[in-house]
């Protein structure tokens, strides 16, 4: 295989965990080199569609899918059209002239003061126990060492929180623009294109590190002061693709030669990490909760009657990720499954290799690169596992199933009860 690591492939998207920009040339090279019957590819966990964009540029007929509502917008903007978007500039110009009017975004994310319940746990003193034997640990004098830890009991107090994701002037402008798009009498994909332009513009002005799971305290960058202005996002010329929104273990996929799979690497729940983009895509102006003003149906609490459990993915748990991957590979109507896999993934390397060995043939391609900045933020920070690790290994795995599964033989309404 020729070395194409230096090849530059330009794609477009908001900041997103698990971006494939660094290994995109390798992914394309691997797919190009497969002995395919046709040019049809399924991008199963499309996210911001960057891999799908690269595939479309290369002449592939692409089907994308994802749980995320925002992915519908991205795919319809980049994949589900033939690349002719020049006629939409008139609408962008029109939207930039819409007077600002504060609404849902401004009221929830633009320098907003809220109060939330905070648990203050009681503290108790207990004997320190050996991690292996579970027996009390003693000092040199034979005395049991006591330690202080949290009790299970707590009291609730009110905590004042200020949310600064966007400047109020930009929130009000975005609210007005999104309302205007909602009532435009244009094609659905054209609306999605304009919504994508809005999301891209907001992504350049927000006061976050790219995630909507936690926000920065105070204004950390001067970019929030800039005015929100919509610009046309680049179009991708090529065959008009299609998008399926929903659970990959339930969707009825069309026949194809290749499926590209890039499930989450960690327990990071994308439905909570990018909830604002999903809300802008659907524009249902939901109730919000928690200190991040997360949409209420993404608050994962047993007592929350609004919790949308359809957003729960088996790839967010070590207990279910491997079996879900097996189920997915088996049900996809393709011969080849090209799988992005990280050495920091929930599925252990040996388990992944054992899974691959169950099929007719497989091959691992690898490339190392610097770890994402978010791997060193939160979740324990400097104390987290692998906190000092500077690089990780990314694998592109080809699984050859030997023959394509007939899409008519696939159970499209798989219940996922094993999870």
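The values are calculated or read from the model by the stated rules, or taken from the named source; none is laboratory data. All of these numbers come straight from a predicted model, not from anything done at the bench. When we count neighbours, we look across all protein chains shown, and the Cβ atoms used for this are built from the backbone with ideal geometry, even at glycine.
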(message) Suppose the filter is farther than 17 Å from residue 107 by Cα and either without any contact (Cβ under 8 Å) to a residue 12 or more places away in the chain or in a loop (DSSP other than H, G, I, E, B) (or both); does residue 195 pass it?
(response) no
(request) Take the range 279-313 and flag every residue that is closer than 30 Å to residue 349 by Cα and surrounded by fewer than 22 Cβ atoms within 10 Å (Cβ to Cβ). (result) 300, 309, 310, 311, 312
(message) Between 117, 111, which is in contact with a helix residue (DSSP H, G or I) (Cβ under 9 Å, 6 or more places away or on another chain) and either outside any strand (DSSP E or B) or surrounded by fewer than 20 Cβ atoms within 10 Å (Cβ to Cβ) (or both)?
(response) 111
(request) Check 326, 353 and return the single one that is in contact with a strand residue (DSSP E or B) (Cβ under 9 Å, 6 or more places away or on another chain), in a helix (DSSP H, G or I), surrounded by fewer than 20 Cβ atoms within 10 Å (Cβ to Cβ) and in the same structural domain as residue 31 (by TED's automatic domain parsing). (result) 353
(request) Go through the range 42-74 residue by residue and tally those that are more than 16 Å from the chain's Cα centre (by Cα) and surrounded by fewer than 23 Cβ atoms within 10 Å (Cβ to Cβ). (result) 4
(message) So in the range 390-412, with the set limited to residues that are at pLDDT 85 or above and not in a strand (DSSP E or B), which one is farthest from the chain's Cα centre (by Cα)?
(response) 402
(request) Check the range 78-97 and report whether any residue there is at pLDDT 95 or above, in contact with a helix residue (DSSP H, G or I) (Cβ under 9 Å, 6 or more places away or on another chain), under 21 Å from residue 166 (Cβ atoms) and loosely packed, with under 13 Cβ neighbours inside 10 Å. (result) no
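Here's the yes/no breakdown for (1) at positive phi; (2) more than 14 Å from the chain's Cα centre (by Cα); (3) surrounded by 21 or more Cβ atoms within 10 Å (Cβ to Cβ); (4) without any contact (Cβ under 8 Å) to a residue 40 or more places away in the chain:
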{"site": "241", "(1), (2), (3), (4)": "no, yes, yes, no"}
{"site": "250", "(1), (2), (3), (4)": "no, yes, no, no"}
{"site": "267", "(1), (2), (3), (4)": "no, no, no, no"}
{"site": "271", "(1), (2), (3), (4)": "no, no, yes, no"}
{"site": "277", "(1), (2), (3), (4)": "no, no, yes, no"}
(message) Please determine whether any residue of the range 3-15 is in the same structural domain as residue 398 (by TED's automatic domain parsing), under 22 Å from residue 233 (Cβ atoms) and touching a helix residue (DSSP H, G or I) at 6+ places or on another chain (Cβ under 8 Å).
(response) no
(message) Kindly evaluate residue 153 against the criterion of being loosely packed, with under 12 Cβ neighbours inside 10 Å, in contact (Cβ under 8 Å) with a residue 24 or more places away in the chain and over 29 Å from the mean Cα position of the chain (by Cα).
(response) yes
(request) Return a yes/no flag: does the range 283-306 have any residue that is outside the structural domain of residue 62 (by TED's automatic domain parsing), under 22 Å from residue 49 (Cα atoms) and touching a helix residue (DSSP H, G or I) at 6+ places or on another chain (Cβ under 8 Å). (result) yes
(request) Filter the range 285-299 for residues that are within 20 Å of the chain's Cα centre (by Cα), over 17 Å from residue 165 (Cβ atoms) and assigned to a loop (DSSP other than H, G, I, E, B) and give the result. (result) 299
(message) For the range 23-41: of the residues being assigned to a loop (DSSP other than H, G, I, E, B) and free of Cβ contacts under 8 Å to residues at least 60 places away in the same chain, which is farthest from the chain's Cα centre (by Cα)?
(response) 35
(message) Being farther than 19 Å from residue 19 by Cβ and modelled with pLDDT of 60 or more: is that true of residue 329 here?
(response) yes
(request) Answer yes if at least one residue in the range 169-185 is under 16 Å from residue 107 (Cβ atoms) and touching a strand residue (DSSP E or B) at 6+ places or on another chain (Cβ under 6 Å), and no otherwise. (result) yes
